[in-house]
């Protein structure tokens, strides 16, 4: 389990296809002492398992693997050497919860429609599949590439469902949210509470 508060901006150093899976080598500022074999780390919204690691000059590197299903249903299939990824290590008992509960299970891929400056912040609009719209509500939480953000507005235009978030300068500077531009694809995970409420309403 995660919080959607990014703790490092990693970089994809290498990509290899092996045994029907894709293996990513990630470079990170994490201390190698904090990495373990089999540990769960969220990569831009996707929970992946560490299958190898070692120290390097800037912190550490670690390898993770993704199956074809993950590549097809997330933006991981687009990752190449040099791609930046938001990283967060899994919660430990007693850790503070500063964002919202994020599980690292991507619901769908969204797309950036627009990025509009608002003073020092930015307002970003994303398109979402119709099947996702029932889980997205104004003032609710959503994880965008693993970043916990608050929904500022929702709507429909030209039969396309959309939602907006307001991004503060800090988030823009220290996560991949700062790379957002129209046409960019993103991993989206709805708030788990929204899923259960929607399911309960459908049962009535």
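Per the conditions (1) part of a strand (DSSP E or B); (2) free of Cβ contacts under 8 Å to residues at least 12 places away in the same chain, the sole criterion not satisfied by residue 152 is (2).
Would you tally the residues in the range 109-139 being in contact (Cβ under 8 Å) with a residue 12 or more places away in the chain and outside any strand (DSSP E or B)?
To start, the set of residues in the range 109-139 that are in contact (Cβ under 8 Å) with a residue 12 or more places away in the chain comprises 109-115, 118, 120-139.
In the following step, the residues that additionally are outside any strand (DSSP E or B) were identified as 120, 129-139.
So the count comes out to 12.
Filter the range 1-20 down to the residues that are modelled with pLDDT of 95 or more and farther than 20 Å from residue 58 by Cβ and list them by number. 16, 17 - these are the residues of the range 1-20 that are modelled with pLDDT of 95 or more and farther than 20 Å from residue 58 by Cβ. Of all the listed residues (127, 90, 121), the sole one being out of contact with any helix residue (DSSP H, G or I) (no Cβ under 8 Å at 6 or more places or on another chain) and under 21 Å from residue 181 (Cα atoms) is 127. Of note, residue 62 does not satisfy the criterion of being in a strand (DSSP E or B) and closer than 25 Å to residue 184 by Cβ. When the range 24-53 is filtered for residues that are touching a helix residue (DSSP H, G or I) at 6+ places or on another chain (Cβ under 7 Å) and part of a strand (DSSP E or B), the ones remaining, listed by number, are 46, 53. On the basis of being out of contact with any helix residue (DSSP H, G or I) (no Cβ under 6 Å at 6 or more places or on another chain), outside any strand (DSSP E or B) and at pLDDT 95 or above, does residue 181 make the cut? Considered against the rule, which asks whether it is out of contact with any helix residue (DSSP H, G or I) (no Cβ under 6 Å at 6 or more places or on another chain), outside any strand (DSSP E or B) and at pLDDT 95 or above, residue 181 comes out as yes.
The values are calculated or read from the model by the stated rules, or taken from the named source; none is laboratory data. Being a predicted model, the structure only gives us computed values, none of them experimental. Quick reminder, even Gly has a Cβ in these numbers, built from the backbone with ideal geometry, and neighbours come from all protein chains shown.
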